[in-house]
Every structure is written in C-alpha cells, then in structure tokens.
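Taken together, the values in this text are just the output of simple stated rules run on the coordinates, not laboratory data. Quick caveat, the model's predicted, so the values are computed rather than measured. All Cβ positions, glycine included, derive from the backbone under ideal geometry; neighbour counts span all protein chains shown.
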C-alpha cells in the first residue's frame, strides 16, 4: 500500500470517527493495515503483535473485575508495554486498574496515565479520535519519518506516542505533533533504540530513516 492510499484510509477513518466511536479498529492495528503490506513494516515480531492484541483484549475483563463499570479506561499495548489512559473516580481505582493490567499474561510493564475525575464525554472522545487521525496523517505527510513505526493514542487532547524508535525519530515525531491544532500535550512512551538496532529491525523494502537529528533534547 502506498503512502497516498494509506493517508486516504486515515481520512476515511476520520469521517467514520466523527459519527461513531467504533473508529478504525477493523482497519488499523498498531498503525498497520490488517492483512495488508503495511503489516510488514511493523518493528515488532508477528508474535509480539499478537501478544499486544491479546493483552488489550484480556485487560478489559480484568479491569471490570477490579472496579466494575466505574470510569472510562483504555489499554493500548505496544511491544508488551501497556499504556493505560482514560478517567477513574479516585486514586484507589487508579491503582487497582494498574494492578489488574499488570497481571495480564505477557505484560512487561505498565504506564498509568489515568486521570482522576469524571469520564470524558462522547464529544470529547470523538474529538480525540479525529486528533489521532490528524497525527497519523501528519507523520505520513512528513516524508522523512517512518509513520508506521508509531502507535498513536489520544485522550483529552493529550497525544501519547508509542513505538520502538531512535532518539532522532522520536524527537522529529514530537516536533511534528506539537504543531497540530487541538493537541494539548505530547507524551513519549517510546522504547529508544540505536541506529544499529534499527538497521536490524528495518524490514526489506521499508523507507530509509531520514529523520533529522534534533538540535536539542526537549522532554
């Protein structure tokens, strides 16, 4: 699949997200089209990709066992690192959710970004879906970065970027995302790898990494 077709798919997702919360789960998994050629550009092994999907599926029932229906919670796994986002009523529920997710098979570590407060509205969630789509399209349009190396999660206008990337790639992505209207903050949930490690992960036919080396190492 070419980048132009991939961007067209992202735009289609944006239109769908504006009318439904189902988003593009059936189309995109971890930034790659299921059953399409973009799966080959994922920097995770096929086994790890399956583990990540399984972690996300198993996390929901574990969370409901821990706190019932209180709160709005999403779990996104990349390379077996589980990012927990959303809202819960209190600190006790926040801790209980993290403990429940940590006990899911194959979870290496958790990143608990739950906010304390009321659950976000449907309007806010739809807006977050649109921001995620804009982020993905921006990374594709940049041309000097491997867009499929990143997994994007947005909650309350905060964009979380996941992936196995070099320092230069991560900084370039953050700089791009900061320019997008509606983005309140960018949070890195990266596994930073060296250029030598990247060379061993780069799939055949994948674009060469031309991400510019950042002048500063901003947090």
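Look at where the Cα atoms of region 75-106 and of region 117-133 average out, and the two centres are 19 Å apart. By other beta-carbon atoms within 10 Å, ranking 120, 77, 46 with the fewest at the front produces 46, 120, 77.
Take the Cα of residue 53, go 7 Å toward its beta carbon, and the backbone nitrogen atoms of region 118-157 under 19 Å from that spot belong to 148-153.
Applying 1/(1 + (r/R0)^6) with R0 = 30 Å to the Cβ-Cβ distance of residue 116 and residue 144, what FRET efficiency is obtained, to the nearest 0.05? Computed FRET efficiency for residue 116 and residue 144: 0.15.
When 76, 148 are arranged by Cβ crowding within 10 Å, least crowded first, meaning fewest neighbours, the order is 76, 148. Between residue 194 and residue 124, residue separation times 0.36 nm minus the direct Cα-Cα distance comes to 21.5 nm. Where both partners of a DSSP beta bridge lie in region 46-116, what percent of those bridges are antiparallel, to the nearest 5? Beta bridges within region 46-116, antiparallel portion: roughly 55 percent. Working from label points 7 Å from Cα in the Cα-to-Cβ sense, the residue 91 to residue 109 distance is 2.3 nm.
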